[in-house]
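One structure below.
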Amino acid sequence: MTASAIYRAIDAVWRIESAKIIAGLARMVRDVGLAEELAQDALVAALETWPKTGVPDKPGAWLMAAAKNRALDYYRRTKLLERKHEELGRELEAEQEIAAADSAAAIDAAIDDDIGDDLLRLIFTACHPVLSTEARAALTLRVLGGLTTEEIARAFLVPEPTIAQRIVRAKRTLAEARVPFEVPRADELAARLASVIEVLYLVFNEGYSATAGDDWMRPALCDDAIRLGRILAELLPNEPEVHGLVALMEIQASRASARVGPSGEPILLPDQDRARWDHLLIRRGLAALERAEQLNGTLGPYALQAAIAACHARARAAAETDWARIVALYDALAQVAPSPVVELNRAVAVSMAFGPAEGLALVDALTSEPLLKGYHLLPAVRGDLLAKLGRSDEARAEFERAASLTRNSRERKLLLDRAAESHHKFRVVK
């Protein structure tokens with residue numbers, strides 16, 4: 001195997017195994033930052049060793065063993081091994097067995113036990129509410145997604161030093177706040193789980209509709225969010241909103257290849273070639289939605305959004321979309337998770353179900369909403385409804401305003417094209 005092939009293999013193994021390694025180490029050292037550093041040391045060892053010896057038969061086990069050895073070295077250096085045995089003894093309720101066991105064997109047993117639980121602990125720690133939303137997203141991609149600082153910076157179009165500082169501060173904050181490496185208790189689980197789901201969907205959304213830059217989509221971010229969502233669903237199979245999140249992401253991701261034209265230009269939902277939708281992802285998403293519905297008769301916010309996405313996925317053509325059902329689902333969503341953005345989306349659904357005049361009345365009522373000030377989709381939606389009503393000059397002004405507010409160059413061009421189209425129609429009618 002060539003050196004370049006070995007380095008590719010190391011990268012692939014790291015993407016798959018890094019979260020498990022960091023999770024196991026974090027349970028040992030009770031410090032996510034230190035666990036990540038020890039795991040990185042193991043990665044460096046692989047980069048130095050494997051080009052000479054070849055890729056091991058069990059590369060993940062090799063990395064785990066190397067990481068554990070570095071943890072042992074750390075304890076020996078800091079003279080914490082004896083105290084750590086006591087902590088592990090209390091945690092595992094096996095004080096006598098650990099006291100009699102060999103030190104390395106005892107730690108091996110501790111780190112190899114309950115990898116799934118360790119991953120769940122790591123997810124809840126990385127997404128702890130003590131961190132800002134941006135810090136949670138960066139740290140999650142770093143310790144659970146296996147992304148480098150450079151990759152995270154590129155994904156969010158943020159300077160690499162900014163992301164590096166954000167991750168360092170997040171680790172320091174977790175350590176200083178003494179955030180326990182554990183799954184939250186039952187009375188805290190709902191709130192903490194909401195924080196985790198928020199981070200995963202934030203990552204997905206940034207990939208699905210990039211807020212800035214030259215690309216309409218960044219599929220790699222969508223893939224990372226879906227992968228982490230599936231892991232979460234496996235670890236928490238009885239949480240309906242987790243399945244709702246997975247359903248929502250998979251159904252939306254099914255449209256990815258149809259959302260972008262040959263030159264990278266955006267293609268909006270009504271104009272997409274539905275034959276290009278990924279029907280395997282749709283089936284998976286619908287199955288996840290069914291699981292959410294079976295677990296809880298009353299759907300939560302993410303499951304309701306998934307149900308809305310499912311209405312589009314089931315329609316063989318845009319004209320066959322059940323807009324009346326979508327309006328009803330938005331009514332339910334507005335009850336459980338009220339927000340101006342939900343009301344804006346509901347207005348679009350109302351316009352499709354009952355006509356643009358009905359929708360425009362709802363949108364006009366949102367124009368004074370402080371939370372939508374600077375939100376480019378408000379004038380974009382208003383421009384579309386005005387255009388459908390034949391008020392072309394007003395529509396042009398709204399599209400131009402929307403274009404001035406977006407930071408995504410692809411979206412800006414789409415909106416300016418709509419403005420030019422409205423201007424052309426206005427001149428013809430006039």
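Nothing in this text is a laboratory measurement; each read-out follows from the coordinates by a stated rule. Not measured: the values here are computed from a predicted model. Positions of Cβ are backbone-derived with ideal geometry, glycine not excepted, and every protein chain shown enters the neighbour counts.
Return the sequence-ordered ³J(HN,Hα) values of the stretch 248-262 in whole Hz as given by the Karplus equation 6.51 cos²θ - 1.76 cosθ + 1.60 applied to θ = phi - 60°, using x for Gly and Pro.
Rounded to whole hertz, the list is 4, 5, 5, 5, 5, 5, 4, 8, 3, 5, 8, 7, 10, x, x.
Using amide H atoms built in the peptide plane, which far-off residues or other-chain residues are under 5 Å from Val260 H to H?
Correct list: Ile267.
Working from Cα positions, state the angle (0 to 90°, nearest 10) between the long axis of helix 279-295 and the longest principal axis of the chain.
The angle comes out near 80 degrees.
Do any trypsin sites (Lys or Arg not before Pro) in the stretch 17-81 lie in a loop, going by DSSP, with at most 12 other beta-carbon atoms within 10 Å of their beta carbon, and if so which?
Taking the stretch 17-81 and a limit of 12 other Cβ atoms within 10 Å, the loop trypsin sites (Lys or Arg not before Pro) found are Lys79.
Pairs to check: Lys20/Lys171; Lys171/Lys373; Lys68/Lys171. Give those whose C-alpha atoms are more than 27 Å from each other in this structure.
Lys171/Lys373, as the Cα separations exceed 27 Å there.
Using the Cα centre of the stretch 306-407 as origin and beta-carbon charges of +1 (Lys, Arg) and -1 (Asp, Glu), tell me which of Thr367, Leu389, Leu377 is placed farthest towards the positive end of the dipole.
Looking along the dipole axis, the top candidate is Leu377.
What does the charge add up to near Pro379, with Lys and Arg as +1, Asp and Glu as -1, over the other residues with Cβ less than 13 Å from its Cβ?
So the surrounding residues net to -1.
Which of (1) 25.1, 92; (2) 26.8, 98; (3) 21.7, 82 is the computed Rg and Dmax of the Cα atoms in Å for the structure on display?
Among (1) 25.1, 92; (2) 26.8, 98; (3) 21.7, 82, the one calculated here is (1).
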